[in-house]
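What follows is a set of notes on a single structure, which appears directly below.
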Amino acid sequence: MGAALLIGGPVTTAQAQAPTPAPVTAVARAAAAVGDICSSDLPSQAHDTLALIDKGGPFPYPQDGTVFQNREGVLPGRSTGYYHEYTVKTPGSSDRGARRVVTGEETDEDYYTSDHYASFDLIDFTC
C-alpha cells in the first residue's frame, strides 16, 4: 500500500468548494440592463409615438396602450398595470417590428427598446 504526501495540509469541504455567488435579483438585473438615451438620439418614429402618447392616440396598432407585463424582468419590478407599451414604426417592416416605447406611471418614465424588450433605455428629455 502506497502513501501519499499531502502538501499544504488537509483540504476541508469548505476550502474545496467555490463560494456560492449571491443570487441576482430581478431588480439588480433591471438596474444593469436599463441604460439611458437622449431624446435627441431617438429615431423620428419614436418621437411620433411619444407625441401620440401625449395626445392619447389614436394609435396605429390595437396592441398600443396595452399593459406591458415585463416578463423578461429587464425593467424595474412593479405591479401589473404599471407599464404600457406602444409600437415605434420601423420603416420597411411589414409588421410591428421590434421597436417600442414602454411608459411607466411616473412623469417622464418612458423607456425605448429597439430589440423587442431585450434591453431598454430610459429616455432623457433634457437632451
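The values are calculated or read from the model by the stated rules, or taken from the named source; none is laboratory data. The structure presented is a predicted model; accordingly, all values stated were derived computationally and were not measured. Note that we place each Cβ from the backbone using ideal geometry, even for glycine, and neighbour counts take in every protein chain shown.
Results, tabulated for the structure shown:
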quantity	calculated
Segment 42-86, residues that are free of Cβ contacts under 8 Å to residues at least 12 places away in the same chain and more than 18 Å from the chain's Cα centre (by Cα)	Ser44, His47, Ala51, Asp54, Lys55, Gly56, Gly57, Pro58, Pro62
Cβ-Cβ under 6 Å pairs, at least 6 apart or on other chains, segment 103-127 side assigned to a loop (DSSP other than H, G, I, E, B), far side of a type in the set (Asp, Glu)	Tyr117/Glu72; Phe125/Asp108
The lone exception for Ser40 - which of (1) of a type in the set (Ser, Thr, Tyr); (2) loosely packed, with under 11 Cβ neighbours inside 10 Å; (3) at pLDDT below 95 it fails	(3)
Hey, Pro23 of a type outside the set (A, V, I, L, M, F, W, C), in a loop (DSSP other than H, G, I, E, B), more than 20 Å from Arg99 (Cα to Cα) and at pLDDT below 50 or not	yes
